[in-house]
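This report concerns only the one structure given below.
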């Protein structure tokens, strides 16, 4: 990726200007539209008018929240969730982020629909309107994809309650396993789901008003380029979303030089195909290193991962095999939250003593204590050293 960016020449003079405005230059919006249509298998081609450019997904998420919800209204977010979502949704908008708990139900399974229904009912009983439902597909931190059938059920739910469906698909092209047998270490893995964009599901399958469907995407993850600071809102059937973005887009203005680099790259199909294939190959290799490590050390972990670059592991359980349980915490809240706070803190401190940082489950709204997210998209020597230090810290 860096080599490709370095060889881009002939920077235009427009790169030193405001370009076409805060919503993104037309060239980039056309490039994104073509790229997404080609790679997301959209029902209808995405057009430049369906795309608004921002300086990252967080800005896009906040803008979209402001547009679909009023202060005091709710956006549903299933647990566990990407830790930045609550801040994006509620920090400056006055909108409430309502987390949805699933207990022992797989949050990506069709059985989870009842929990979303209960969350809508609970909000309404308090006089609170649910304006939207937020997804991350592929999922962060679980590293899995929602099934097509589950997405259809969620879309049906959104139509039933007139809820906007916001799908963050920033890991869409980082799906590196297609079958359970590919690089399998154990025989107990579930069937792997492949990525399905909500833009690829025809309206007649879910009956969801297409004006309620919005997708977020950017370069930060699939292309390892979060420093370019480019994201976008894709809404194919709601022009008012893009019109309303115009006056506030100055607060998320993307760099014109970054737009030129991104447009050049996204228009180069040969590079894109070659890069994504190599990226998948490397991610699979590193995933297998971590998978072998958790199996050998009998560490409980999320099964069925095949996307993004995360491994969701229960280091708290592993820690308790070698240490006394944490003492009770004298504070308000549920016993589970007390245990989560104390156990997560103990594991985090032990890891930091070995100069290893992992985000704890508390950051992701985990319902159970002891879970941590391992990011394996680092140099192999760094990954191996990190796994070694985790064992040294917790054993």
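The numbers here are math on the coordinates, done by the rules we state, and not lab data. Just so you know, these numbers come straight off a predicted model, no measurement behind them. Counting neighbours? That spans all protein chains shown, and the Cβs are built from the backbone with ideal geometry, glycine included.
Table for the structure above
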{"quantity": "Protection proxy ranking, peptides 379-387, 127-135, average beta carbon neighbours within 10 Å, highest first", "calculated": "127-135, 379-387"}
{"quantity": "For the range 272-394: Kirkwood Rh in Å [reciprocal of mean 1/r, alpha carbons]", "calculated": "15.4 Å"}
{"quantity": "Evaluated at q = 0.10, 0.13, 0.14 Å⁻¹: base-10 log I(q)/I(0), Debye formula over Cα of the chain", "calculated": "-0.69, -1.16, -1.32"}
{"quantity": "Relative contact order (%) - the range 282-323, alpha-carbon pairs under 8 angstrom, separation at least six", "calculated": "34 percent"}
{"quantity": "Gain upon complete extension [residue 16, residue 129; 0.36 nm per residue less C-alpha separation]", "calculated": "36.3 nm"}
{"quantity": "Neighbour-count ranking [beta-carbon atoms within 10 angstrom, fewest first] of 136, 232, 123", "calculated": "123, 136, 232"}
{"quantity": "Sorted by Cβ neighbour density within 10 Å, fewest at the top, the residues 106, 168", "calculated": "106, 168"}
{"quantity": "Cβ-derived FRET efficiency at R0 22 Å, residue 84 paired with residue 355, nearest 0.05", "calculated": "0.35"}
{"quantity": "GNM top mover of 148, 124, 26 - the chain, alpha-carbon springs below 10 Å", "calculated": "124"}
{"quantity": "Taking the C-alpha atoms of the range 138-271, convex hull volume expressed per residue in Å³", "calculated": "155 Å³"}
{"quantity": "Calculated FRET efficiency for the pair residue 49/residue 200, C-beta based, R₀ 22 Å, to 0.05", "calculated": "0.65"}
{"quantity": "Normalised contact order of the chain, rounded percent, pairs of Cα under 8 Å and 6 or more residues apart", "calculated": "20 percent"}
{"quantity": "156, 52 arranged by Cβ crowding within 10 Å, fewest neighbours leading", "calculated": "156, 52"}
{"quantity": "For the range 272-394: relative contact order, % (alpha-carbon pairs under 8 angstrom, 6 or more apart)", "calculated": "28 percent"}
{"quantity": "DSSP bridge orientation in the chain - percent antiparallel, rounded to nearest 5", "calculated": "50 percent"}
{"quantity": "Choice from 138, 239, 12 with maximal GNM fluctuation in the chain (Cα, 10 Å cutoff)", "calculated": "12"}
